[in-house]
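The values are calculated or read from the model by the stated rules, or taken from the named source; none is laboratory data. Here the structure is a predicted model, which means the values were calculated and not measured. We place every Cβ from the backbone using ideal geometry, glycine too, and count neighbours over all the protein chains shown.
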Amino acid sequence: MNLLTQLRSLFEPALTGLAPDRAKVPDLLGAIKPAANADNGDYQANCAMALGKQLGQKPPEVAKALVAALPANDLLEPPTVAGPGFINLRLKPEFLARALQEIATDPKLGVSPAAKSKTFVIDLSGPNVAKPLHVGHLRSTIIGDALVRILRFLGHTVIGDNHLGDWGTQFGILLYGYKNHRDDAAFAADPVRELLRLYIFVRKQAALAEGEDEEGGADNPVMAACRAETSKLHANDPENVALWKSFMPACMEMLRPIYERLDVKIDHALGESFYNPMLAGVVADMLAKGIAVESKGAIVIPNAKGIVPQTPEEQKKEEPPAIIRKRDGAFTYTTTDLATIKYRAETWKPDAMLYVVGAPQALHFKTVFAQAKRWGVDGIEFQHVQFGSMLGADRKIFGTRKGGALELMELLNEAAALSLQKYEANTAERRSFGHKIYEAEASEKQEIAEVVGVGAVKYADLSQNRTTDYVFDLDKMTATVGNTAAYMQYAYARCRSIFREGGVDEGVFRTAPPAVTLPHAAERALALHLLRLPEAVEAAAADYAPHLITAYLWDLAKATSVFYEGCSVLKADTPELKASRLLLVDLVSRVIKQALELLGIRVVERM
Ligand code: ARG
C-alpha cells in the first residue's frame, strides 16, 4: 500500500477530466510528491502549473478545479491551494490510524508485490579468484546483494550469478609458482595458504608493484614464463588443466569465509572458465552472421559506426572495435561476456540482466549490450548498474595507494574492533549519566561488534548514491550518531528495551493491534513516516538505488527521536495512549529491522 500511488490514483481521473490530451503535458502524476516542508501538508500536488500552461488558464484556477474534481475519499482532509497553484494534501488522522493497524498485521509492513513479477539476472561480486580478494570487489558484492534482496522482497524472481574471474592470467602465476617453487608438504597441509604464498612470491620475483595488473611486467622473464603457462591452460594443455582443477577448490575456499562474514549467498558462480568451451562457437557464429569481421588476423566487431579503424588517423578519431579473438587465437573478456549473455538468456529467460560492476567498465558493457542485441538477444533490459570508486583518506583509489592494499578480512576486523570500542565508550557515557544500562557478556559484546562493524561497512557503502566515489573512512562509518548502521541498530535496540522494561508482549500487535490515536504532532509525523516504507522500497527498486532506503531510514530515525522527546510511552497519560504508542514503537522496530535486512544488515536485540 504505497501512499503516493494511492494519491496519484485519486488524481488520475481528475487530471484526465481536465486535460484530455494528457500525452502533451509532461509527467503530471510525477508532480505529486511528498511535501518538502511538513508545515504545508504531507504531500503536494504541483500539476496545476504545467496544466494551466497547456489549457491557457491561471494555475490557481486550475488547481481549484482539480481539487473540486477529486473523487470523494476517506484519505484526505479538504486540500488547500497555495501560492502559484500548489495543492497541499494532508492525510486524515483516522486514515493514518487505520493504515497503521493494517501494516501491523502485514508481515511485509505494507509493501505489496510488484504489479508484474519479473525475472532478473544479477551479475554481482565477480572477484578474480586465486588472488587475495580486493576491496574493489566489495562494492559489487554489497550493492548487488542489496538489489537481490530488494527485488525479491517485491516478489520478483531474482537469480544472482557470480561471474568469477577464474580463468585469467593470475593462474599463469600460480601454475608457474607451483611448478617451480612449491612446498609439497605445505600444499598438502593447507593448499589455500600455500597458493597464496606462491602467488605473492612469484609476483615479488617478477617485481610487479602492489596493485599492478598481471598484464604488467612486459619485458620481465618471470612474467613471460607465467604468461606462457596461461596460454597453455587456455589451449587445454592436460597438465595445466588438471592443475587448474586441483587449485580451484582452494581458491573458492579463500572466498568462502568472506561471503559468510558478509552474509551474502549467491545462487550461482558460473565463472569465466564455465564459458570457455563456448567461445569458439561465439566467434564462428558472429562471423557467419556477418557481425564480426577479420582484421589483421584478429576477429573484431566493428564499432558503433560500423568501422574497424585501420589508419593511424582513424585509430585516433574513431572508437575502437571490440576484439573477440586476438591474433594469437586468445579469446577476450568481451567474447566471454557475449557467451554469458546468450547462456543466461537461454537458461533463465530473464526480463532484465543487471551488471553490478564499477564505472570504469561502462564502455565495455555499453558495447557488449549493443553487440548482444545485434546478435539477436532481444526483449531483455540490459543495465550496467555502475558504481564509483572507494577512495582512501588521500582521495586516491582505495587499495592501490602505496603502503599496501588492506585485505577485506582485515578491514572487517578493524571495523568490528572500532565498533566495539565505540560501543564501550557509549555504554560508559550512559552509565555516567545514571542511565539504566544493559551489561553484555563478553561473547555478546563480540557479537555486537561483528554485527555493528560489518553493518557499518555495508551501510556506509549503500548510503552513497552509488555512482559517486566515496572516501572509505572507518571512523565515520562506525559512528554511533548520524546516518550510520550503528545509529539504526541502536534505534532498534531501544525499541526492544522499551518492551522488556514495560513487560510488553508485542507479539499480540501482529494479530490484534490496539486502536491508534495520534494527538501529538511528533507521533503523527512518525506515523506518516512508518507508512512510507513502500515508497522507499519501490523507488530503490526502480532506480536500482539502495541509498533511497538508507535515506528513508535516516528520516525515520530522526522522526523517532523527536517522538521519544515529545511523547512518553510507558508513562503515557492513558492506557489507550500507551497502547497506541507501543504499537508505534513496535512498528519502528519492525520497519528498521526489515529495511536493514533489505540491505543485508543485521540487528541485535540489546545494545
Ligand atoms: N572479474 C571482473 C573484474 O574484476 C568483473 C566481472 C564482472 N562481470 C562480468 N560479467 N563481466 O573486473
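Numbers below:
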item	result
Failed item, numbered, when Y544 is tested on (1) in contact (Cβ under 8 Å) with a residue 12 or more places away in the chain; (2) on the phi < 0 side of the Ramachandran plot; (3) assigned by TED's automatic domain parsing to the domain that holds R532	(2)
Selected residue (criterion: farthest from F153 (Cα to Cα)) from residues of segment 96-121 that are in contact with a strand residue (DSSP E or B) (Cβ under 8 Å, 6 or more places away or on another chain) and surrounded by 14 or more Cβ atoms within 10 Å (Cβ to Cβ)	V121
Residues within segment 369-395 that are farther than 24 Å from T468 by Cβ and among the aliphatic types (A, V, I, L, M), tallied	4
Extreme residue, farthest from the chain's Cα centre (by Cα), among residues of segment 109-132 that are within 16 Å of the ligand (Cβ to nearest atom) and not in a loop (DSSP other than H, G, I, E, B)	N128
Any chance Q44 is buried (at least 18 other Cβ atoms within 10 Å of the Cβ) and touching a residue at least 24 places away in the same chain (Cβ under 8 Å)	yes
Meets criteria (among the basic types (K, R) and closer than 27 Å to R466 by Cβ) for K571	no
Matching residues in segment 301-359 - criterion: being crowded, with 17+ Cβ neighbours inside 10 Å, assigned to a loop (DSSP other than H, G, I, E, B) and away from the ligand (no atom under 15 Å from the Cβ)	P302, V308, P309, E318, P321
Segment 526-564: number of residues that are assigned to a helix (DSSP H, G or I) and out of contact with any helix residue (DSSP H, G or I) (no Cβ under 7 Å at 6 or more places or on another chain)	9
Options K396, K458, K436; residue that is under 28 Å from L587 (Cα atoms), loosely packed, with under 14 Cβ neighbours inside 10 Å and not hydrophobic (A, V, I, L, M, F, W, C)	K436
Some residue of segment 466-480 being outside the structural domain of Y544 (by TED's automatic domain parsing) and over 28 Å from V356 (Cα atoms)	no
Verdict on D475 being farther than 19 Å from D555 by Cβ and either more than 18 Å from the chain's Cα centre (by Cα) or outside any helix (DSSP H, G or I) (or both)	yes
Qualifying residues in segment 235-274 (those that are part of a loop (DSSP other than H, G, I, E, B) and β-branched (V, I, T)) - the one farthest from L338 (Cα to Cα)	V264
Residue among K289, K296 that is touching a residue at least 24 places away in the same chain (Cβ under 8 Å), at positive phi and out of contact with any Ser or Thr (no Cβ under 7 Å at 6 or more places or on another chain)	K296
Among the candidates P71, P78, P60, residue that is without any contact (Cβ under 8 Å) to a residue 60 or more places away in the chain and assigned to a loop (DSSP other than H, G, I, E, B)	P78
Some residue of segment 212-226 being within 16 Å of the ligand (Cβ to nearest atom) and closer than 21 Å to S125 by Cβ	yes
Cβ pairs under 7 Å, 6+ apart, first in segment 122-135 and farther than 22 Å from F365 by Cα and among the charged types (D, E, K, R), second more than 8 Å from the ligand (Cβ to nearest atom) and at pLDDT below 95	K131/Q170; K131/Y199
Members of segment 169-195 that are at pLDDT below 95, surrounded by fewer than 23 Cβ atoms within 10 Å (Cβ to Cβ) and either among the charged types (D, E, K, R) or within 16 Å of the ligand (Cβ to nearest atom) (or both)	T169, Q170, D190, R193, E194
Residue count, segment 133-165 (criterion: at pLDDT 95 or above, more than 14 Å from the chain's Cα centre (by Cα) and within 11 Å of the ligand (Cβ to nearest atom))	4
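Yes/no matrix, rows are residues, columns are (1) in contact (Cβ under 8 Å) with a residue 12 or more places away in the chain; (2) more than 22 Å from H268 (Cβ to Cβ); (3) of a type in the set (S, T, Y):
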position: Y343; (1), (2), (3): yes, no, yes
position: A362; (1), (2), (3): yes, yes, no
position: A372; (1), (2), (3): yes, no, no
position: W375; (1), (2), (3): yes, yes, no
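Quick grid of which residues meet (1) crowded, with 20+ Cβ neighbours inside 10 Å; (2) of a type outside the set (A, V, I, L, M); (3) over 30 Å from V454 (Cβ atoms):
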| site | (1), (2), (3) |
| --- | --- |
| S497 | no, yes, no |
| R500 | no, yes, no |
| G503 | no, yes, yes |
| A512 | no, no, yes |
| T517 | no, yes, yes |
| E523 | yes, yes, yes |
| L526 | yes, no, no |
| H529 | yes, yes, no |
| A536 | yes, no, no |
